[in-house]
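A short write-up of the structure that comes next.
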Amino acid sequence: MSSTPDSRTDFVSGEQLQRPPPRKAPFKFLMPLVYAPILPLIRIGLRKQPVLRDRLFTVVLGAALLHGGYLVTNLYDIESK
């Protein structure tokens, strides 16, 4: 049986192999990698402006906590159904 490399593409006993769909990165779960370095940089970078530093730090920390709470409730809703 002579077969060329082109004729052997994805066939096993006459059936075509099913490839799984490509997995995508869950970007919503990677957000802590963004928040983690930003919080110390706010403290260091705005050392001479304490009012702005504290307000910005509070807003970013609050946004991070709200995002985490959203993910927890969203996951809980999906798992409970």
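Per-residue Karplus couplings for the range 19-32, computed as 6.51 cos²θ - 1.76 cosθ + 1.60 with θ equal to phi - 60°, are listed in order as 8, x, x, x, 7, 9, 6, x, 4, 5, 8, 8, 4, x Hz, Gly and Pro entered as x.
Could you compute the net charge surrounding Arg43? Neighbours are other residues with a C-beta less than 15 Å from the C-beta of Arg43; K and R count +1, D and E count -1. Walk me through the numbers before you get to the answer.
Values: positive: Arg47, Lys48, Arg53, Arg55; negative: Asp54.
Result for the neighbourhood of Arg43: +3.
Spin-label pair Val72-Ala25: with each label point 7 Å from Cα along the Cα-Cβ axis, the two points sit 2.6 nm from one another.
Only the coordinates and a few stated rules stand behind these numbers; no lab work does. Please read all numbers here as calculations on a predicted model, not as lab measurements. Don't worry about glycine lacking a Cβ; one is built from the backbone with ideal geometry, like all the others, and counts go over all protein chains shown.
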